[in-house]
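Have a look at the structure below before the remarks.
Where a number appears in this text, it was derived from the coordinates with a stated rule and is not lab data. Keep in mind that this is a model prediction, so the values were computed, not measured. Virtual Cβ from ideal backbone geometry, glycine too; neighbours counted across all protein chains shown.
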Protein chains: 4
Amino acid sequence: MIHFDCDYLHGAHPKIMERLAQATLEPHSGYGFDPYCEKAAALIREAVGNHFADIHFLVGGTQTNATLIGAVLHGAEAVLTAESGHINVHEAGAIEATGHKVITLPSKDGKLSADVIEKYLTDFYKDETWIHMSIPKLVYISFPTEYGTIYSLKELEAIAAVCKRYSLKLYVDGARLAYGLAAKGNDVTLKDLGRLCDAFYIGGTKVGTLFGEAVVLKSRSIIPNFFTYVKRMGALLAKGWLNGLQFETMFTDGLYMECGRLGVDWAMKLREVFKQAGYEPIVDSPTNQQFFTLPNTLINKLQKEATFEFWGPRGEESSTVRFVTSWATTEQDIEGLRALLK
Amino acid sequence: MIHFDCDYLHGAHPKIMERLAQATLEPHSGYGFDPYCEKAAALIREAVGNHFADIHFLVGGTQTNATLIGAVLHGAEAVLTAESGHINVHEAGAIEATGHKVITLPSKDGKLSADVIEKYLTDFYKDETWIHMSIPKLVYISFPTEYGTIYSLKELEAIAAVCKRYSLKLYVDGARLAYGLAAKGNDVTLKDLGRLCDAFYIGGTKVGTLFGEAVVLKSRSIIPNFFTYVKRMGALLAKGWLNGLQFETMFTDGLYMECGRLGVDWAMKLREVFKQAGYEPIVDSPTNQQFFTLPNTLINKLQKEATFEFWGPRGEESSTVRFVTSWATTEQDIEGLRALLK
Amino acid sequence: MIHFDCDYLHGAHPKIMERLAQATLEPHSGYGFDPYCEKAAALIREAVGNHFADIHFLVGGTQTNATLIGAVLHGAEAVLTAESGHINVHEAGAIEATGHKVITLPSKDGKLSADVIEKYLTDFYKDETWIHMSIPKLVYISFPTEYGTIYSLKELEAIAAVCKRYSLKLYVDGARLAYGLAAKGNDVTLKDLGRLCDAFYIGGTKVGTLFGEAVVLKSRSIIPNFFTYVKRMGALLAKGWLNGLQFETMFTDGLYMECGRLGVDWAMKLREVFKQAGYEPIVDSPTNQQFFTLPNTLINKLQKEATFEFWGPRGEESSTVRFVTSWATTEQDIEGLRALLK
Amino acid sequence: MIHFDCDYLHGAHPKIMERLAQATLEPHSGYGFDPYCEKAAALIREAVGNHFADIHFLVGGTQTNATLIGAVLHGAEAVLTAESGHINVHEAGAIEATGHKVITLPSKDGKLSADVIEKYLTDFYKDETWIHMSIPKLVYISFPTEYGTIYSLKELEAIAAVCKRYSLKLYVDGARLAYGLAAKGNDVTLKDLGRLCDAFYIGGTKVGTLFGEAVVLKSRSIIPNFFTYVKRMGALLAKGWLNGLQFETMFTDGLYMECGRLGVDWAMKLREVFKQAGYEPIVDSPTNQQFFTLPNTLINKLQKEATFEFWGPRGEESSTVRFVTSWATTEQDIEGLRALLK
């Protein structure tokens, strides 16, 4: 069986497992007050180019989104997202569970535009009736998006400018951040994110760690007492050093970016394999998620030897499917797929 | 100034004020444990044809929606609504504040259809991924809708049947219920609502009372301990007898239906006045809300002597506006409007 | 039957009913944007001596407490209260429903002391473990307390000073405020509350209105967008002018203080009646709630002709009971009680 | 430095690390739908003697408590706990964040008694006023408690009986369960817990795993759709197989009980060391937490070479401290302590 259904199938990168094996029998302080976390935070502050950045390590993506958004928003405030945003669809109402409305905006291939956001805000504030509605105070975007697409620096800057103009905060979900940063044509850097976002997270689970997401807050004042809020959300890992050790490893010798590059390279090869078999991707994704509309007969055949996901409902004759690569994809996986497509 | 901006401009029907003046200097038990509430509940049980119905009196509409929906839904459950549903737009996130997602479905003139609901549910349960999503367990519709339209008995029965088939509860927001029941062509009765809905409310605020909405639960088992839940939501009126007295009055000698008929009659006259001036309503609403697209020049002129609401943003040349009548509208209001339109 | 079980048995003061009868058939703008509310707010600003005070009108006490506390607290923050505080016991978890912990402190006759609060805060911050606990950010006290006692100005100033020192806000529940202000020996004024509290409310329900509580925020910055938060809590009255009219009346010609004085005078007479019958009050309450420990035989006899509440469980031989007077108590009530006690 | 400050200082048991190193480079299905989880669940069902038990794996203790309690309670319901209960003190309001009140009862050495619970419930339901209060529907106890003490089977059965009589559910926090089960004198088995509790969790973090707690629900009907609720709480681990692998290992060849025994044995040796130095434990704890009141001079000396926690505030002359052992404590640790105490 070849696996292309998601990018969190494997455990951690061997470099992490190696260090973990050594560290496991030594005592470590709890809750992230340990040298690994300290070092990892310092490396991340360096990488995002902001020495005032407040770094926190959480366990998973939905948890990070709910904890962050729930802590940023107060009272009757709401978050804006693309209709396809992960927080709107696949998080079982985790944001609403913190008491806040998720407002959806039209999007293209998973991307929100500054114009769409601005139009919403202009309409919202056009007269006095807004005081009866949830007040938008945060924009959520993902980089890359749920469709594998990425924002250009110019697009990101435009969104950040709209946010600033209307007093909204900007938050980027970076569950697959490395695959976006490593994409061909990408002109956004970690330092750009550090500069433009009030908050974002650097995803570990899908890019080489056992688990773990590193939250980057522009400064401590973005969310005072965030540590206690994390605890209240049940998101505080007792053995926080596990996160520290993993992120220290990822941010040493460029391992995080290396994992990103690997995933993207395999994706481009997979794409080529499909193209050669006559199937063009239906979204122009430069990252590790690739989407194709395939005849159901082919899908049925592939399913016997490969795993992948349906994207939307099964059609009459053909259906859209998603193939995902990762840092752990192998030559064998790709060649196996090539053979299946023949 | 003539007022057509909403149906809660006036205080209460004179019959209520009269009884209130008498009752105010006598002592009454608190929290709804008084003879007025007992009598009002009995009259409502009679009117809805269900002697097991559990009746509760709350103060306002948003409060009632949030209290009811928050009490019916558990854990990761969600409510389905038309995009234009009041709970989705004009309640400042009151439902999400109870921790539950509001899922919007496409609608026509404010109405959901059984087909649209069923399609959503079929898609939702089509494969195993639903376990990562908010689980739909309640359908919210309004009667009449925010566009003044009403459901036929056949439509309501179809929706109730879909709900039953997929184990969802059905809840009807009756903020303007009397205006719907009194509409020409309406074939839905209070007894139908009592039979088809798990819960609905009979709106008082917009139909003749100072305030107050009467919640009708099909049985006590729909929401155990609802009284305590109402208290927890801050929705329990200390002087509950004020609600009892008002609803007892409304359900004596047909006053509630009479108020409904008055509001609808004035609306039909208003509609005629517009038609004669050359403006057709843009929604075929048989109730007390009427929508027209008028030239901005006319709107500007009207605004000097009448109040009404914009429905959506102001257009370049013309805009859509809403005119609302009520039990308290007068001949003078209608004739004043006729004069203005000349 | 004579009624001493609570102070919200009657409707509104005749002056209110009179104005209401006039106003009910005129149209008024919704949601508190009307001349009555404007006038009432101006009168209250005047009375509390703070022209920047932000005034909001809500419907009931539990609602006001939950709305206010939920809006002031963020994230993992908590409110401190006496164990006997209304928010801890008789609000069905309304505060916790907003996601915040209610932390109880030891109290005497319903009163918290600055020392007790300071000790709690000193202990709380004594080492680093506080970051795992709910962070106290608000002190809740009631004036008068649930035991009828009142704070001296010196005590209030000491509490306000501790709050300031540790960055907590101070909130006073004034459900029975007039009865406290009118108490013999009281040296606290509305202006003192306006000066010392970040927020408090002036109770109407128990002091002469049909319903309604006036929230006084020291400034708009205490809770930005409080109007929208009120809406989200379902606490916004559509016909807000009902609140405005009532509070305008109460703050015209000293009616609010007059109602307070009436309730206190009747309480002092009731106390005298008990003393003459040989029963000393068990709490030295100068306000409209009086507590006595009576033999069960007497209680049984009284219950046949008077209503009052047990305070705690029934004892073997004797039990503690509460008698409450109000602005609507009559000479006949007191004399009836005197006769019963003979 | 010798470490006795807590039992989650080390990583995982070597047997776990070994298997993890093998599994890390193989693909596994996400979210707990993998053979490890299936096997672990089967082993746990076997161990608790209930083949209908519903098993879920979460990451940490506070998370598990909040997720479980939030899912069990509805509406205005509350949980009862000892004042010293972990959910009341050290979880930053995580339970209240789910909207439910934590009601504290008096306790002895961390233990609740059936009598205390019954008295509370009898008082609660003594008259009709309970409908204004949070309704107790769950009892939370910890085994062992925060003071290291354990319940006897008879005590547990009595508590379970009270719960049944008053329609409350019983939930046991087993963060340190193995240390309780392995305690000398303990007569409670996993099968007893499976029989008496509606829900409990088997703690991994403190007993040999990197992280992870195994929730045992008596049946699926205790919490319908718990998987989705876990997701909504952000508590669902993407690589759920990490939990499965760890718990499968712990429940193979008696490793979980073996870890428990190790921790307890070291604790008894530590206790002996203190006794020989003249210090009696102040709580009769048969588990891995031991409490002593020591002179501050000795504490100051010890702190230079050992870590341990203060239990309450530092006293004038002496203070109470907690020493904790675990499966990873060594002979060297104990002997080092003995040397320090000389």
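Across the cross-link table entries C:K108/D:K301; A:K184/A:K239; C:K154/C:K275; C:K119/C:K231, which are compared at the Cα atoms, the separations over 32 Å belong to C:K108/D:K301; A:K184/A:K239; C:K119/C:K231.
Going Cα to Cα from D:K206, which aspartates and glutamates come in below 14 Å? Please leave out same-chain ones fewer than 8 positions away. Leaving aside aspartates and glutamates fewer than 8 places away in the same chain, those within reach of D:K206 are D:D5, D:D7, D:E146, D:D173, D:E258.
In this rough spin-label picture, where each label sits 7 Å from Cα along the Cβ direction, the A:A42-D:T252 distance is 4.0 nm. Over all other residues within a Cβ to Cβ distance under 15 Å of D:I2, the charged ones net out to -2, with Lys and Arg as +1 and Asp and Glu as -1. Amide H contacts of A:K239: A:Y31, each under 5 Å away and 5 or more positions distant or on a separate chain (H built 1.01 Å from N in the peptide plane; Pro and chain starts excluded).
Taken about its Cα centre, chain C carries a charge dipole of about 280 debye when Lys and Arg each add +1 at the Cβ and Asp and Glu each add -1 at the Cβ. Can you give the FRET efficiency for B:R314 and A:K164, using 1/(1 + (r/R0)^6), R0 = 30 Å, r = Cβ-Cβ distance, to the nearest 0.05? For R0 = 30 Å, the calculated efficiency reads 0.65. The GluC sites (Glu not before Pro) of the stretch A:5-91 include none that DSSP puts in a loop with a beta carbon having at most 10 other beta carbons within 10 Å. Taking label positions 7 Å along the Cα-Cβ direction at both A:A339 and B:K184, the computed distance is 7.6 nm, reported to one decimal. Here chain A carries DSSP beta bridges of which approximately 55% are antiparallel, counting only pairs with both residues inside. Please work out the Cα center distance from the stretch D:234-274 to the stretch C:261-317, rounded to the nearest Å. If we compute the Cα centre of each part, the gap is 60 Å. The distance linking the stretch D:1-19 with the stretch D:148-213 is 23 Å (Cα centroid to Cα centroid, whole angstrom).
Annotation for the stretch D:91-154: chymotrypsin sites (Phe, Trp or Tyr not before Pro) lying in DSSP loop with at most 16 further Cβ atoms inside 10 Å of their Cβ are D:Y125. Using the Cβ-Cβ distance between A:Y125 and C:F33 with R0 set to 22 Å, the FRET efficiency from 1/(1 + (r/R0)^6) comes to roughly 0.80.
With its label point put 7 Å out from Cα toward Cβ, A:A42 sits 4.9, 6.4, 8.0 nm from the same residue's point in the other copies, in order from shortest. Just to confirm a number: summing +1 for Lys and Arg and -1 for Asp and Glu over residues other than B:S113 whose beta-carbon lies under 14 angstrom from that of B:S113, what do you get? Charge balance in the 14 Å sphere: -2.
Between D:N300 and D:D109, the C-beta separation translates, for a Förster distance of 41 Å, into a calculated FRET efficiency of about 0.90.
The amide H of A:K126, built 1.01 Å from its N in the peptide plane, has no neighbour under 5 Å, considering only residues 5 or more places off or on other chains.
Using θ = phi - 60° in the Karplus curve 6.51 cos²θ - 1.76 cosθ + 1.60, the 3J(HN,Hα) couplings for the stretch C:291-304 round to 10, 9, 9, 10, x, 4, 5, 5, 4, 4, 5, 4, 4, 6 Hz; x is entered for Gly and Pro. Is the C-alpha gyration tensor of the stretch A:14-250 telling us rounded, prolate or oblate? Criteria: a/c under 1.5 is rounded; beyond that, a/b larger than b/c is prolate, otherwise oblate. The shape class here is prolate.
For the stretch B:14-250, the relative contact order works out to 33 percent when only alpha carbon pairs closer than 8 Å and six or more residues apart are counted. Between the residues A:G49, A:V207, A:W130, the greatest Cα displacement towards the positive end of the dipole of chain A, with unit charges on the Cβ of Lys, Arg, Asp and Glu, is found for A:G49. Across the stretch C:48-140, C-alpha contacts under 8 Å between residues 6 or more apart give a mean separation that, scaled by the residue count, equals a relative contact order of 33 percent. When B:G278 is represented by a point 7 angstrom out along its Cα-to-C-beta vector, the spacings to that point in the other copies are 6.2, 9.3, 10.8 nm, nearest first. With each label modelled as a point 7 angstrom along the Cα→C-beta vector, the B:F52-D:H51 pair spans 3.7 nm.
Here the Karplus relation 6.51 cos²θ - 1.76 cosθ + 1.60, evaluated at θ = phi - 60°, turns the backbone of the stretch C:242-247 into coupling constants of 4, 5, x, 4, 5, 6 Hz, with x for every Gly and Pro. For A:A94, the shell of other residues with beta-carbons less than 10 Å away shows a net charge of +1, using +1 for Lys and Arg and -1 for Asp and Glu.
Each other copy places its own label point for D:G336 at 4.7, 7.8, 8.7 nm from this one, sorted shortest first, where the point lies 7 Å along the Cα-to-beta carbon line.
Remark on D:E309: its backbone amide H falls under 5 Å from those of D:R322, a criterion applied only to residues 5 or more positions apart or on other chains, H modelled at 1.01 Å from N.
Of the trypsin sites (Lys or Arg not before Pro) found in the stretch B:108-152, the ones in coil according to DSSP and having at most 15 other Cβ atoms within 10 Å of their Cβ are B:K126. In order along the stretch C:167-178, the Karplus-derived 3J(HN,Hα) couplings, from 6.51 cos²θ - 1.76 cosθ + 1.60 at θ = phi - 60°, round to 6, 10, 8, 10, 10, 10, 7, x, 3, 10, 3, 4 Hz, and Gly and Pro are given as x.
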